[in-house]
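Colleague: Just dropping this structure here.
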Amino acid sequence: DRAAGFYYPPTVITGLTNDSRTAREEIFGPVETVLGFDTEEEALRIANDSPYGLAGMLFTQNLDRAHRMAARWRAGTVWINCFFERDLRLPFGGEGASGLGREGGQYSRDFFTEPRAVTLRLRG
């Protein structure tokens, strides 16, 4: 019974621009705004025109394109031809308003600890 709680059906929004609120803000739920593009440059401009940068996904059969796009995409993680496949030894975290620092593997030790230096003079 969905009437007892909050439920929003999966929704795809089209026909808007990158200036629309649904494209600019993080929406946690089954809602996606789909924006069209004609070139790699336009796709990168749209993807990087955001204060957020947790992750991005690229689906392509062109390995050269995958490398070009991933190198210029401002996101902490770029998944190519997949989604949310993670090796926990690799760094994970966002850029911009989507996070600070990285966690995962050796990065977790630095992210979740506060190093402290203590200096003690034993004799005059």
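The values are calculated or read from the model by the stated rules, or taken from the named source; none is laboratory data. For clarity, every value in this text was computed on a predicted model and none was experimentally measured. Heads up, the Cβs are rebuilt from the backbone with ideal geometry, glycines too, and the neighbour counts pull from every protein chain shown. For accessibility, only protein heavy atoms count, side chains too; no ligands or nucleic acids. Shrake-Rupley method; radii C 1.70, N 1.55, O 1.52, S 1.80 Å.
Colleague: Kindly establish whether Tyr107 is within 20 Å of the chain's Cα centre (by Cα), over 28 Å from Thr14 (Cα atoms), surrounded by 15 or more Cβ atoms within 10 Å (Cβ to Cβ) and at pLDDT below 95.
Modeller: Taking the combined requirement at face value, the residue satisfies it.
Colleague: Taking the criterion of being open to solvent by 40 Å² or more (accessible area, probe 1.4 Å), aliphatic (A, V, I, L, M) and part of a strand (DSSP E or B), would at least one residue in region 4-12 satisfy it?
Modeller: Checked region 4-12: at least one residue is open to solvent by 40 Å² or more (accessible area, probe 1.4 Å), aliphatic (A, V, I, L, M) and part of a strand (DSSP E or B).
Colleague: So, in region 104-117, of the ones that are of a type outside the set (Ser, Thr, Tyr) and not in a loop (DSSP other than H, G, I, E, B), which residue ends up farthest from Ile46 (Cα to Cα)?
Modeller: Within region 104-117, the subset of a type outside the set (Ser, Thr, Tyr) is 104-106, 109-112, 114-117.
From the residues that got through so far, the ones that are not in a loop (DSSP other than H, G, I, E, B) too are 106, 109-111.
Values: Gln106: 33, Arg109: 34, Asp110: 33, Phe111: 30 Å.
Checking each candidate, the answer is Arg109.
Colleague: Would you tally the residues in region 19-54 being open to solvent by less than 60 Å² (accessible area, probe 1.4 Å) and in contact (Cβ under 8 Å) with a residue 40 or more places away in the chain?
Modeller: Residues in region 19-54 being open to solvent by less than 60 Å² (accessible area, probe 1.4 Å) and in contact (Cβ under 8 Å) with a residue 40 or more places away in the chain: 2 in total.
Colleague: Can you name the residue in region 56-103 that is closer than 20 Å to Arg45 by Cβ, surrounded by fewer than 15 Cβ atoms within 10 Å (Cβ to Cβ) and of a type in the set (Gly, Ala, Ser) and is also modelled with the lowest pLDDT among such residues?
Modeller: Looking at residues that are closer than 20 Å to Arg45 by Cβ, surrounded by fewer than 15 Cβ atoms within 10 Å (Cβ to Cβ) and of a type in the set (Gly, Ala, Ser), I get Ala97.
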